[in-house]
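Worksheet: one structure, shown below.
Readers should treat all values here as calculations from the given coordinates under stated rules, not as data from a laboratory. Because the structure is a prediction, the values reported are computed rather than measured. Neighbour counts run over all protein chains shown; Cβ positions are idealised from the backbone, glycine included.
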Amino acid sequence: MGDVIAGTGGSGIKRLYPPSQKTCGGVPQWVKVMIDIMQYQDCKIHSNAKDNKLDRFCIDCVGSFCNQCSSDHQGHEHIKIRRYVYNDVIKRPDFQKHFDCSGIQGYVTNKNKVLFLKRRKDTQQVKEQPQNTKDHRCNICNQTLIDAYYCSIQCKVFAITELTEGAKVNANGLHNANKEPTLTPSRNNRRKGFPCRAPMF
């Protein structure tokens, strides 16, 4: 059976993706798509309606949708995107069901533990959280952290992908190293024959 063609979501963009269960480098494919397409903007289909922000991501359809589009996604698994200090965040318990969130910096807002979906820029400030005496930085973007290795879901996904691709490169290199090299003689390295002297009379 071929790839599944997802229907048009709230963004009005047709998508062609494999089933949402497929993984790429150990990361569910839909997670990468969510990072790429999620933007906190108005739904094009319901542009004149209230509560029309594209703040939901359907795991089954692999696309974003707004509250007005909910009837088209009944019974589907989805992730709710929230806003925290002008950034897209996801409740950690909601995302933990689908992805290993260990090592990602968490924050508390309205008594909820949340994770940043995308990496933060240096100019973006977050509210004060309990500080740790040890200096922690994101392994990918070098963002200052409290007690984690990645500032966002995006950075951890990038790290996993890089690790997987690096393993493939190393495996290919090892495979090529086991092959015997082909030696091609060079004309410049040929030994000269013994000189022929003129006969003595």
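Things worth noting here:
- Close amide H pairs (under 5 Å, H built 1.01 Å from N) link Thr109 with Val114, residues at least 5 positions away or on another chain.
- The local environment of Ser70, defined by Cβ-Cβ distances under 12 Å, has a net charge of -1 under the rule Lys, Arg +1 and Asp, Glu -1.
- Tensor-based shape of the stretch 48-100 (alpha-carbon gyration tensor, a/c under 1.5 rounded, otherwise prolate or oblate): oblate
- A simple rule links phi to the HN-Hα coupling: the Karplus curve 6.51 cos²θ - 1.76 cosθ + 1.60 with θ = phi - 60°, which for the stretch 138-147 gives 5, 5, 9, 10, 6, 5, 5, 10, 9, 7 Hz, with x for Gly and Pro.
- By the count of neighbouring beta-carbon atoms within 10 Å, fewest first, Asp60, Asp135 end up ordered Asp135, Asp60.
- From phi via Karplus (6.51, -1.76, 1.60), per-residue ³J(HN,Hα) for the stretch 58-63 in Hz, x at Gly/Pro: 7, 6, 6, 8, 6, x
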